[in-house]
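> Handing you a structure now.
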Amino acid sequence: MAAATLTISSKNYGSWSLRGWLLCKLAGIEFKEEMVSSDDPSTRAELLLLSPSFLVPGLKHDGIKVWDTLAIGEYLHELSPKAALLPADRAMRAHCRAICGEMHSGFSNLRSALPMNLKAHYPGFKAWAGARGDIERITTIWHECLTAYKGPYLFGAAPCMADAMYAPVCARFMTYDVKLDEECAAYAKRIMALPIMLEWIEAAKNEPDDLEELDVEF
């Protein structure tokens, strides 16, 4: 398989970059990272949620360029079907796509109130009402999947596209000390303990750049 290149932004703040990177890791493809500086105006706009479109992460492979995290996931599923980024069962696959799409297009209140910041920790953080509604919807999704497919991941025994899509949420919940019920807390900890997540987090903590706009003060 030809080597690929994944363009990403900050590992500390870049939730979409994390999703794309996790998808590549789960797909088992060989790829090199190409980091775009957070000083780049378009990248900064994406990190600060000021851009209407997200061009990072971007995957280049075999002369093909794919951006948008869902498109990258679908491409990788076609490229490496044995990696099972999407479930084999049609009904499960439809469910997986639906909750990935919901994460992709929704939860704007959560994104604004709890920006991803892996270096930070805010014990006792109080999320405002709009963000709490998003948190409740996300935990409902997790409960439904873990009940229906028996865990330990959202669609069964191994992490898939859905887990990659919700992984930055797990990070946000840890950063902002979001109180979760036992099942959801265990799931979030499980995701955060994945070797590939630990690899990303370690790199994020060693990243020199800081964006003051994404450092919450209260």
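The values are calculated or read from the model by the stated rules, or taken from the named source; none is laboratory data. What you are looking at is a predicted structure, and each value in this text was computed from that prediction instead of being measured. Every residue, glycine among them, receives a Cβ derived from its backbone with ideal geometry; neighbour counts consider all protein chains shown.
> Could you check, for segment 161-175, whether at least one of its residues is more than 26 Å from Val36 (Cβ to Cβ) and crowded, with 16+ Cβ neighbours inside 10 Å?
Yes, segment 161-175 contains at least one residue that is more than 26 Å from Val36 (Cβ to Cβ) and crowded, with 16+ Cβ neighbours inside 10 Å.
> Something else now. Do the conditions hold for Val36, that is, is it over 19 Å from Ile99 (Cα atoms) and modelled with pLDDT under 90?
yes
> To continue, here is another question. Out of segment 113-140, which residues are in contact with a Leu (Cβ under 8 Å, 6 or more places away or on another chain) and under 22 Å from Met197 (Cα atoms)?
Pro115, Met116, Asn117, Ile135, Ile138, Thr139
> Now a separate question. Looking at Thr43 and the list (1) out of contact with any helix residue (DSSP H, G or I) (no Cβ under 9 Å at 6 or more places or on another chain); (2) surrounded by fewer than 19 Cβ atoms within 10 Å (Cβ to Cβ); (3) at pLDDT below 75, which single condition is not satisfied?
Checking Thr43 against (1) out of contact with any helix residue (DSSP H, G or I) (no Cβ under 9 Å at 6 or more places or on another chain); (2) surrounded by fewer than 19 Cβ atoms within 10 Å (Cβ to Cβ); (3) at pLDDT below 75, the one that fails is (2).
> Further question on the same structure: Of the residues that make up segment 185-199, is at least one under 18 Å from the mean Cα position of the chain (by Cα) and closer than 15 Å to Met92 by Cβ?
No; the residues of segment 185-199 include none that is under 18 Å from the mean Cα position of the chain (by Cα) and closer than 15 Å to Met92 by Cβ.
One line per residue, one yes/no per condition, for (1) surrounded by fewer than 14 Cβ atoms within 10 Å (Cβ to Cβ); (2) out of contact with any helix residue (DSSP H, G or I) (no Cβ under 6 Å at 6 or more places or on another chain); (3) farther than 16 Å from Cys160 by Cα:
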residue	(1), (2), (3)
Leu70	no, no, no
Glu78	yes, yes, no
Ala88	yes, yes, no
Ala127	no, no, yes
